[in-house]
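Chemist: Sharing a structure, written as structure tokens. Questions coming.
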Amino acid sequence: MIEDLKKDARERMAKCVHSFQTDMKKLRTGRAHPSLIEHLKVDYYGSEVPLQQVASIAVEDGRTLVISPWEKAVVQAIEKAIFKSDLGLTPMTAGTVIRIPMPPLTEERRREITKVLKADAENARVAVRNVRRDVMNDVKEMLKEKLISQDDEHRAEGDIQKLTDKHIAEIEQLLSAKEKEVMQV
């Protein structure tokens, strides 16, 4: 029973870390990377679909993304989605190919991105702690119902705390690496 709780906690905490990693990919660091825009929703024949489902996204050089739509009719919809996004990017269309040059980041914009990163990291840490709280409550319920002993409860709480510390340290490591990347000129 306790092992099942620990396994569940491990999986849920890993999902919190993975979610944080996914959020970090969407932040601009000055280099062109397809993950910056692939999540954008494009109006495709009346339904909203991710950009990566209607076009291929490639990196032309270190600072330019190239979008090649599979249908010419989608070009305007893709441009519109890029303009609507809060990424501050300006697409340039040449026929059916859309190029997006990445402007260099200013010091002020780098600091804003770092603030957003720290807020996302805090949200991820809170999510991990919420998982810990839920599992600890389950362990306490098991103790109340006499399903486990006090020794088992203390051992389980220690293991869950170690798991929590491990995942929070992983979030911190990801945050510091991304901060270095963002602040690098």
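Chemist: Any idea which residue in region 125-165 is farthest from Asp8 (Cα to Cα), counting only those that are touching an Asp or Glu at 6+ places or on another chain (Cβ under 8 Å) and surrounded by 15 or more Cβ atoms within 10 Å (Cβ to Cβ)?
Modeler: Only one residue fits best here, namely Leu143.
Chemist: Can you tell me which residues in region 97-117 are closer than 21 Å to Asp61 by Cβ, modelled with pLDDT of 85 or more and not basic (Lys, Arg)?
Modeler: Listed by number, the residues that qualify are Val97, Ile98, Ile100, Pro101.
Chemist: Under 7 Å between Cβ atoms, at least 6 apart or on separate chains: pull out the pairs that start in region 109-131 with a residue that is over 15 Å from Leu174 (Cβ atoms) and end on any residue that is modelled with pLDDT of 90 or more and in a helix (DSSP H, G or I).
Modeler: Qualifying pairs under 7 Å: Arg129/Thr164; Val131/Ala9; Val131/Arg12; Val131/Met13; Val131/Cys16.
Chemist: Being part of a loop (DSSP other than H, G, I, E, B) and within 19 Å of the chain's Cα centre (by Cα) narrows it down to one residue among Ala14, Ala32; which is it? First the steps, then the outcome.
Modeler: Working: Ala14 fails: part of a loop (DSSP other than H, G, I, E, B).
On inspection, the qualifying residue turns out to be Ala32.
Chemist: Can you tell me which of Leu65, Leu117 is of a type outside the set (Asp, Glu), crowded, with 18+ Cβ neighbours inside 10 Å and assigned by TED's automatic domain parsing to the domain that holds Glu179?
Modeler: Going through Leu65, Leu117 in turn, the sole match is Leu117.
The values are calculated or read from the model by the stated rules, or taken from the named source; none is laboratory data. Remember, it's a predicted structure, so these values are computed and weren't measured experimentally. Methodologically, a virtual Cβ is constructed for each residue, glycine included, from the backbone with ideal geometry; neighbour enumeration extends over all protein chains shown.
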